[in-house]
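Engineer: Would you mind keeping the following structure in view while I ask a few things?
The values are calculated or read from the model by the stated rules, or taken from the named source; none is laboratory data. These figures come from a predicted structure and were not determined experimentally. We place every Cβ from the backbone using ideal geometry, glycine too, and count neighbours over all the protein chains shown. Just the protein is used for accessible areas: all its heavy atoms, side chains included, with ligands, DNA and RNA removed. Shrake-Rupley method; radii C 1.70, N 1.55, O 1.52, S 1.80 Å.
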Amino acid sequence: MSDRARLLSSDLEFHGEVGRESYGYILEEEVMSRGTVLVMFLVLFTVGPATGNPGVITEIIDETGDGGGNVLESAAGIAVDGSGVVYVAGLMSNNAFKITPEGVIAEIIDASGDGEGNTLGRTKCIAVDGLGNVYVTGQSSDNAFKITQDGVITEIIGTSGDGAGSELTMPLGVTADASGNVYVAGGLSDNVFKITFTPGGDVDTISEIMNAAGDGAGNALDRPYGIVVDSSDKLYVAGATSNNAFKITFTTDGDVDVITEIINATGDGVHALTEASRIAVDDLGNAYVIGETSDNAFKITPDGVVTQIIDSSGDGLGNELDKPLAIAVDWAGNVYVTGFISDNAFKITADGEITEIIDSTGDGAGNTFTASEGVAVQGWGNVYVTGFLSHNAFRISLCGDGTCDPSENSCDCPVDCGTPPSSEIPDSTCSDGLDNDCDGDADCDDPECDSDPACDGVIVPTVSEWGMIVMALLLVTGIKIKFGRRRAARA
């Protein structure tokens with residue numbers, strides 16, 4: 001766990017988070033010895049492990065659905081667009097809802113599907129593209145639908161798949177890329193389809209781009225559930241039963257170029273991966289995969305480095321992770337994982353800090369959260385989760401609540417914590433253990449600190465190391481301390 005501290009004023013008052021309780025007191029000790037004045041600042045004094053503020057939690061839809069008779073039963077997939085409009089799929093109610101930031105709820109599709117005989121059964125997954133078109137899959141109806149902003153509903157693929165012998169059975173994943181192409185994963189047909197559209201928005205072509213052969217090099221694909229595209233339109237597919245995940249690149253013509261297995265059952269080589277059911281990807285090309293029955297999640301870098309980022313111990317404070325079913329990542333690299341059996345969700349920061357952000361108590365106002373199923377994130381502002389057995393969905397406002405919570409900083413939440421400095425110096429120091437200007441380099445690793453005396457061939461202690469050094473000196477010298485702006489006296 002890394003230390004986080006912020007220099008808030010010129011008089012060296014620090015606030016930070018390295019534990020359950022953080023204090024911003026200053027210890028100032030003046031020791032007179034042979035005419036020398038020694039002034040020591042105890043920057044941080046902390047007790048216990050870090051937790052962080054879970055944020056403001058609000059139930060945004062419950063089992064009553066739109067309140068007009070269209071109920072929500074078994075809330076499953078969830079998606080959010082750039083304007084904060086949320087979309088929730090009801091598995092057993094065979095429908096989907098749209099929820100505006102103002103709280104207006106509307107059913108956008110029901111069991112009748114497109115109203116032309118193509119019905120919708122067991123709405124499992126949902127996605128939204130940059131134009132506001134929504135896509136849902138019918139787990140039992142073996143199809144997928146497109147719903148435009150105007151409410152026009154079209155079946156875009158059915159059980160016949162590509163119509164050339166490659167069928168679609170039990171679709172459990174759907175996603176759309178920036179070019180307007182849609183991808184659907186067949187959970188029982190062990191394949192993935194690419195659907196292109198005409199300029200008018202009608203289905204143009206349907207092609208099977210991956211099947212049970214996986215990468216064609218012996219790494220098979222079995223039960224593809226999770227599917228996602230990155231900002232450069234690379235496609236990532238997770239195989240639940242084959243315990244692996246793949247990356248698919250395309251040619252400039254849109255055809256499949258290379259299929260690469262990026263993780264398998266060995267996980268990171270120490271921690272195994274079993275039932276890789278969902279996958280997410282960030283803007284840097286890092287992929288994140290959950291192990292539904294290994295109760296963990298992994299990060300895979302573009303260079304192929306695999307790291308376990310959370311396991312069954314959850315946050316390590318007694319809040320465990322049991323049967324993770326969904327994963328999402330925000331623009332700052334924070335990862336969000338839901339626990340179906342543990343009735344909760346976690347935030348994992350880019351530097352590995354883990355915080356439980358919601359538990360079975362839900363919003364704490366009587367709206368409980370049971371069987372955490374789906375998760376979606378909007379930028380850095382809000383996280384959305386669905387309760388499968390509580391038949392509801394919640395918004396968790398981790399950023400944008402007006403408070404710079406312990407798990408936030410100006411790098412990943414400037415709206416709460418303020419705009420970060422444009423440079424590591426001079427507003428900040430080159431020895432505080434922080435990446436003050438949010439460029440990925442802290443202290444002496446930042447080229448801007450090359451001329452700083454602290455980086456002149458010496459190893460600079462971090463904030464927490466300074467605290468340990470000062471405490472050691474206090475023990476050796478026998479100084480008694482008082483917190484606040486008081487001078488401590490010798491024993």
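Engineer: For the range 80-110, what are the residues that are open to solvent by 10 Å² or more (accessible area, probe 1.4 Å), part of a strand (DSSP E or B) and of a type in the set (A, V, I, L, M)?
Structural biologist: Answer for the range 80-110, where residues must be open to solvent by 10 Å² or more (accessible area, probe 1.4 Å), part of a strand (DSSP E or B) and of a type in the set (A, V, I, L, M): V80, I105, A106, I108.
Engineer: If you go through the range 248-304 one residue at a time, how many are within 22 Å of D351 (Cα to Cα) and acidic (D, E)?
Structural biologist: 5
Engineer: Residue check: is V174 within 22 Å of R223 (Cα to Cα) and not in a loop (DSSP other than H, G, I, E, B)? Even if it seems obvious, please write down each step before you answer.
Structural biologist: Details: within 22 Å of R223 (Cα to Cα): yes; not in a loop (DSSP other than H, G, I, E, B): yes.
It is true that V174 is within 22 Å of R223 (Cα to Cα) and not in a loop (DSSP other than H, G, I, E, B).
Engineer: Still on this structure: Test G333 against the stated conditions and say whether it is under 12 Å from the mean Cα position of the chain (by Cα), surrounded by fewer than 24 Cβ atoms within 10 Å (Cβ to Cβ) and not in a strand (DSSP E or B). Write out each step before concluding.
Structural biologist: Details: under 12 Å from the mean Cα position of the chain (by Cα): yes; surrounded by fewer than 24 Cβ atoms within 10 Å (Cβ to Cβ): yes; not in a strand (DSSP E or B): yes.
Judged against the criteria, G333 is a match.
Engineer: I would also like to ask the following. Kindly indicate which of T137, T119, T123 is polar (S, T, N, Q) and out of contact with any strand residue (DSSP E or B) (no Cβ under 6 Å at 6 or more places or on another chain).
Structural biologist: Numbers: T137 fails: out of contact with any strand residue (DSSP E or B) (no Cβ under 6 Å at 6 or more places or on another chain); T123 fails: out of contact with any strand residue (DSSP E or B) (no Cβ under 6 Å at 6 or more places or on another chain).
That would be T119, the only listed residue that is polar (S, T, N, Q) and out of contact with any strand residue (DSSP E or B) (no Cβ under 6 Å at 6 or more places or on another chain).
Engineer: Run down D222, D230 and say which single residue is acidic (D, E) and in contact (Cβ under 8 Å) with a residue 40 or more places away in the chain.
Structural biologist: D230
Engineer: Looking only at the range 342-356, which residues are within 25 Å of G433 (Cβ to Cβ) and assigned to a strand (DSSP E or B)?
Structural biologist: F346, K347, I348, I354, T355
Okay, residues lined up against (1) under 20 Å from A326 (Cβ atoms); (2) among the charged types (D, E, K, R):
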position: D62; (1), (2): yes, yes
position: T137; (1), (2): yes, no
position: D142; (1), (2): no, yes
position: L172; (1), (2): yes, no
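Engineer: Another one. Hey, among the residues in the range 143-178 that are touching a residue at least 40 places away in the same chain (Cβ under 8 Å) and acidic (D, E), which one's surrounded by the most Cβ atoms within 10 Å (Cβ to Cβ)?
Structural biologist: Checked the range 143-178; the qualifying residue surrounded by the most Cβ atoms within 10 Å (Cβ to Cβ) is D177.
Engineer: Checking the conditions here, which among L172, L221, L188, L168 is farther than 28 Å from D150 by Cα, in contact with a strand residue (DSSP E or B) (Cβ under 6 Å, 6 or more places away or on another chain) and of a type outside the set (K, R)? Show your work before the answer.
Structural biologist: Working: L172 fails: farther than 28 Å from D150 by Cα; L188 fails: in contact with a strand residue (DSSP E or B) (Cβ under 6 Å, 6 or more places away or on another chain); L168 fails: farther than 28 Å from D150 by Cα.
L221 is the lone residue from the list that is farther than 28 Å from D150 by Cα, in contact with a strand residue (DSSP E or B) (Cβ under 6 Å, 6 or more places away or on another chain) and of a type outside the set (K, R).
Engineer: Is one or more of the residues making up the range 382-399 surrounded by fewer than 16 Cβ atoms within 10 Å (Cβ to Cβ) and at pLDDT below 80?
Structural biologist: Checking the range 382-399: not a single residue is surrounded by fewer than 16 Cβ atoms within 10 Å (Cβ to Cβ) and at pLDDT below 80.
Engineer: Suppose we filter the range 246-270 for residues that are in contact with an Asp or Glu (Cβ under 7 Å, 6 or more places away or on another chain) and assigned to a loop (DSSP other than H, G, I, E, B); how many remain?
Structural biologist: Result for the range 246-270: 1.
Engineer: Could you say whether any residue in the range 302-318 is touching a Leu at 6+ places or on another chain (Cβ under 8 Å), under 17 Å from T175 (Cβ atoms) and either in a loop (DSSP other than H, G, I, E, B) or at pLDDT 95 or above (or both)? Quick ask: steps written out before the conclusion?
Structural biologist: Step one: filter the range 302-318 for residues touching a Leu at 6+ places or on another chain (Cβ under 8 Å), giving 302, 310-314.
With under 17 Å from T175 (Cβ atoms) added as a condition, the list becomes none.
No, the range 302-318 contains no residue that is touching a Leu at 6+ places or on another chain (Cβ under 8 Å), under 17 Å from T175 (Cβ atoms) and either in a loop (DSSP other than H, G, I, E, B) or at pLDDT 95 or above (or both).
Engineer: What number of residues within the range 319-330 satisfy the criterion of being under 25 Å from S231 (Cβ atoms) and in a loop (DSSP other than H, G, I, E, B)?
Structural biologist: Number of matching residues: 1.
Engineer: What number of residues in the range 341-362 are open to solvent by 40 Å² or more (accessible area, probe 1.4 Å), over 22 Å from P414 (Cα atoms) and either of a type outside the set (S, T, Y) or in contact with an Asp or Glu (Cβ under 6 Å, 6 or more places away or on another chain) (or both)? Lay out the reasoning, then the answer.
Structural biologist: Taking the range 341-362 as the starting set, the residues that turn out to be open to solvent by 40 Å² or more (accessible area, probe 1.4 Å) are 341, 350-352, 359-361.
Filter again for over 22 Å from P414 (Cα atoms), leaving 341, 359-361.
Pick out the ones that are also either of a type outside the set (S, T, Y) or in contact with an Asp or Glu (Cβ under 6 Å, 6 or more places away or on another chain) (or both) and you get 341, 359-360.
Residues in the range 341-362 being open to solvent by 40 Å² or more (accessible area, probe 1.4 Å), over 22 Å from P414 (Cα atoms) and either of a type outside the set (S, T, Y) or in contact with an Asp or Glu (Cβ under 6 Å, 6 or more places away or on another chain) (or both): 3 in total.
Engineer: Among the residues of the range 205-223, are any within 26 Å of the chain's Cα centre (by Cα) and of a type in the set (V, I, T)?
Structural biologist: Within the range 205-223, the subset within 26 Å of the chain's Cα centre (by Cα) is 221-223.
Checking the rest, the ones that are also of a type in the set (V, I, T) come to none.
No, because not a single residue in the range 205-223 is within 26 Å of the chain's Cα centre (by Cα) and of a type in the set (V, I, T).
Engineer: Among the residues of the range 287-301, which ones are open to solvent by 40 Å² or more (accessible area, probe 1.4 Å) and assigned to a loop (DSSP other than H, G, I, E, B)? Show your work before the answer.
Structural biologist: Filtering the range 287-301 down to residues open to solvent by 40 Å² or more (accessible area, probe 1.4 Å) leaves 293, 299.
T293, the sole residue that qualifies.
Engineer: What number of residues in the range 42-78 are modelled with pLDDT of 95 or more, within 18 Å of I357 (Cα to Cα) and either in a loop (DSSP other than H, G, I, E, B) or open to solvent by less than 30 Å² (accessible area, probe 1.4 Å) (or both)?
Structural biologist: Of the residues in the range 42-78, 2 are modelled with pLDDT of 95 or more, within 18 Å of I357 (Cα to Cα) and either in a loop (DSSP other than H, G, I, E, B) or open to solvent by less than 30 Å² (accessible area, probe 1.4 Å) (or both).
Engineer: Sticking with this structure for a sec: Within the range 263-280, count every residue that is buried (at least 20 other Cβ atoms within 10 Å of the Cβ) and of a type outside the set (S, T, N, Q). Don't jump to the end; show me each part of the working.
Structural biologist: From the range 263-280, those buried (at least 20 other Cβ atoms within 10 Å of the Cβ) are 263, 267, 273, 275-280; that's our starting set.
Checking the rest, the ones that are also of a type outside the set (S, T, N, Q) come to 263, 267, 273, 275-276, 278-280.
Residues flagged as buried (at least 20 other Cβ atoms within 10 Å of the Cβ) and of a type outside the set (S, T, N, Q) within the range 263-280 amount to 8.
Engineer: Just need a number here: residues in the range 261-279 that are over 16 Å from I327 (Cα atoms) and among the charged types (D, E, K, R).
Structural biologist: Here the count works out to 2.
Engineer: If the requirement is being modelled with pLDDT under 70, among the hydroxyl-bearing types (S, T, Y) and open to solvent by less than 50 Å² (accessible area, probe 1.4 Å), which of these qualifies: S410, S428, S423? Can you show your working first?
Structural biologist: Details: S410 fails: modelled with pLDDT under 70; S423 fails: modelled with pLDDT under 70.
Criteria check complete, one pass: S428.
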